[in-house]
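So the structure is just underneath, and the comments pick up after that.
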Amino acid sequence: MGHDAPQRPQLTTLVLVPGLLCDSALWAHQTRYLAPLVECLVPDITRHDSIEGLAQAVLAQAPAHFALAGLSLGGIIAHAFMAIAPERVTQLALVATTARPDTAEQTARRQRLIGLAQQGDFDEIPRALLPTLLHPARVADPELERTVMAMAKAVGATAFIRQITAVMHRPDRRSQLAHYRVPTLVLCGREDAITPLVMAEEMAAAIPGSKLAILEECGHLATLERPQAVTALLRHWLLYV
């Protein structure tokens, strides 16, 4: 028979944490095409109004050890995991996210969105956010628009207020990045208007041994805009990083 083939690294559950106003549809391509490699879990992040509360809720849904990927709010929650229970995370992927706290301008914008939701104009919010969520060339893409709007409707106004409140009050995680000790992939769309490339570069520079991947002609919702590329990068990260 000759020499035995090298053993594939043992894979664990992959927890895919969605972003603000997003659900499992955000990770549809990844859960479908990574399923042969790893069990995929997309947790509920709608029931708490603090990052720590959301992180604890996801930890309660997750197995003892898992690979972790988070997009936007999901990445912010992932940073909380690395503060609360880093021993449970075997690998980390930070997609279209940041380690920085909110600026005063961002908080003011979010408070205006909360006001819209509270006065019954929630349906206006995802449509108004589309130009910042997607690459300019994809804003008019009807399939992407339908997906974004459907996810927002599924999350709903009450959970949106909880989520955005959590985002507004998130802590500054930059000082903890140097302490991460797991294989880490940082992904960002080059044209991401919400968490610009400089924020990804900042995280990648601070996390020991991390890899930075930049998706060309891509905005904030990378898993929807460039699904094949994101899945390929996550596959490589799961197997080889």
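The values are calculated or read from the model by the stated rules, or taken from the named source; none is laboratory data. Everything numeric here is computed off the predicted structure, so don't read it as measured data. Positions of Cβ are backbone-derived with ideal geometry, glycine not excepted, and every protein chain shown enters the neighbour counts.
Structure data summary
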{"read-out": "Hits in segment 114-127 (condition: loosely packed, with under 13 Cβ neighbours inside 10 Å and assigned to a helix (DSSP H, G or I))", "value": "115, 118, 124, 127"}
{"read-out": "Residue in segment 28-43 that is basic (Lys, Arg), in a helix (DSSP H, G or I), surrounded by 12 or more Cβ atoms within 10 Å (Cβ to Cβ) and modelled with pLDDT of 95 or more present", "value": "yes"}
{"read-out": "Residues of segment 204-237 classified as free of Cβ contacts under 8 Å to residues at least 60 places away in the same chain and in contact with a Gly (Cβ under 6 Å, 6 or more places away or on another chain), total", "value": "1"}
{"read-out": "Sole exception among (1) over 30 Å from residue 175 (Cβ atoms); (2) among the aromatic types (Phe, Trp, Tyr); (3) not in a loop (DSSP other than H, G, I, E, B) for residue 81, by number", "value": "(1)"}
{"read-out": "Test: residue in segment 93-107 that is over 13 Å from the mean Cα position of the chain (by Cα), aliphatic (A, V, I, L, M) and crowded, with 20+ Cβ neighbours inside 10 Å", "value": "no"}
{"read-out": "Selection count, segment 6-27, where residues are surrounded by 18 or more Cβ atoms within 10 Å (Cβ to Cβ) and modelled with pLDDT under 95", "value": "1"}
{"read-out": "In segment 6-27, the residues that are assigned to a loop (DSSP other than H, G, I, E, B), farther than 26 Å from residue 101 by Cα and not charged (D, E, K, R)", "value": "6, 7, 9, 10, 11, 12"}
